[in-house]
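K.L.:
I am attaching a structure below and will ask some questions about it afterwards.
Where a number appears in this text, it was derived from the coordinates with a stated rule and is not lab data. All of these numbers come straight from a predicted model, not from anything done at the bench. Cβ placement follows ideal geometry from the backbone for every residue including glycine, while neighbour counts extend to all protein chains displayed.
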Amino acid sequence: MTLCLDSLMPSFLNIHAHRSSVSPCETVVRNFILPLATQALRLELPCGWFSAGIHPWHLPEAPEESLRQLDVLTHSPRCLAIGEVGLDKCRDASFALQREIFMRQLELASDRRLPVIIHCVKAWSELWAVVKEIRPATACVIHGFRGKPQLAESLLAQGFYLSFGRCYNADSLRLCPPGRLFLETDEAPHSVETVYCAAASLRGCTPEELNTQCWENLRQIMRMSGNRTVPVPLKET
Ligand SMILES: [Zn+2]
């Protein structure tokens, strides 16, 4: 019998995508934007790990209802994070309302000890002001980070984790310490493996080494958030 070494490798961790896994080599923390229709709750949520939250692009007319839905979802052992939530100055939606809904979700994340996946566009000082005010007892991950090295360094100094997708500043990716890094596909349809390959060649390591580190980082942020344990799924071969 031949032992397939590949089968001992963990699947590639995709911390943020709006779809389920497209390959046996990938494990996705699938994102759900609230509010969710009852049918989606019944059909889609039963599979795999997920994050959920009210996106600043899609502020609901009845936020209380969506916040209640989020509260219920956070009790699922498969809910690994609240998000994507945050602030976006390039959108027409009232910034005051964005801020209020972001704060409510950050408070909930802190109460439930769940990590937060953050969407932030041109509102970095406001983001920092909110995080300083709430002081959430949990890890905050900036998703789809495309900022320059100076912004990356400032966010890292403030304790944030950075998640990189298909487009990013190469110097920012290079300077991110291994223990603060995640990779994702967000809205892209392809497997996260391609993101790992590109990032690994920039950082001078192998995609597998990078993946091992990202899994360790996930375990770390879940430990910070209480006792939820995260097993590492193996590639199906
Ligand atoms: Zn997204």
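K.L.:
Can you list residues whose amide H is under 5 Å from Phe32's amide H, if they're 5+ apart or on another chain and H is modeled 1.01 Å from N?
P.N.:
HN-HN under 5 Å from Phe32: Ser51, Ala52, Gly53.
K.L.:
Moving on to the next point. Gain in length, Thr194 to Glu153, computed as 0.36 nm per residue apart minus the alpha-carbon separation, to one decimal in nm?
P.N.:
12.2 nm
K.L.:
Let me spell out the model: positive unit charges on the Cβ of Lys and Arg, negative unit charges on the Cβ of Asp and Glu, origin at the Cα centre of segment 11-224. What dipole size does that give, in debye rounded to 20?
P.N.:
That gives a dipole near 320 debye.
K.L.:
Using Cα springs under 10 Å in a Gaussian network model of the chain, which residue among Leu162, Leu183, Leu36 shows the largest mean-square fluctuation?
P.N.:
Leu36
K.L.:
Dipole of segment 104-237, Cα-centred, from +1 at each Lys and Arg C-beta and -1 at each Asp and Glu C-beta, to the nearest 20 debye?
P.N.:
I would put it at about 320 debye.
K.L.:
For segment 73-127, what is the charge dipole size about the Cα centre, in debye to the nearest 20, if Lys and Arg each add +1 at the Cβ and Asp and Glu each add -1 at the Cβ?
P.N.:
About 120 debye.
K.L.:
Just flag the GluC sites (Glu not before Pro) in segment 57-148 sitting in loop per DSSP whose Cβ has no more than 15 other Cβ atoms within 10 Å.
P.N.:
Here the sparse-neighbourhood loop sites are Glu61.
K.L.:
At 7 Å along the Cα-to-beta-carbon direction for both Met224 and Arg19, put a label point, then send me their distance in nm to one decimal.
P.N.:
Here the modelled spin labels are 3.0 nm apart.
K.L.:
Please report how many Lys pairs in the chain have alpha carbons closer than 19 angstrom, counting only residues at least 8 apart along the chain or sitting on separate chains.
P.N.:
Count of close lysine pairs: 4.
K.L.:
Another question about this same structure. Hand me the trypsin sites (Lys or Arg not before Pro) from segment 56-137 located in a DSSP loop with no more than 12 other Cβ atoms within 10 Å, in residue order please.
P.N.:
Those that pass, being in a loop and sparsely packed, are Lys122.
K.L.:
Answer with one residue from Val131, Cys214, Met103: the one whose Cα lies farthest towards the positive end of the charge dipole of the chain, charges on Cβ with Lys, Arg +1 and Asp, Glu -1.
P.N.:
The Cα lying farthest towards the positive end belongs to Val131.
K.L.:
Between helix 124-134 and the chain, what is the angle of the helix's C-alpha long axis to the longest principal axis, kept within 0 to 90° and rounded to the nearest 10?
P.N.:
The answer is roughly 80 degrees.
K.L.:
Another one. Taking just the alpha-carbon atoms of the chain, what radius of gyration and Dmax come out, in angstrom?
P.N.:
Taking only Cα atoms of the chain, I get Rg and Dmax of 17.3, 63 Å.
K.L.:
In addition: Around Leu175, under 15 Å between beta carbons, what's the net of Lys plus Arg minus Asp minus Glu among the other residues?
P.N.:
It works out to a net charge of +3.
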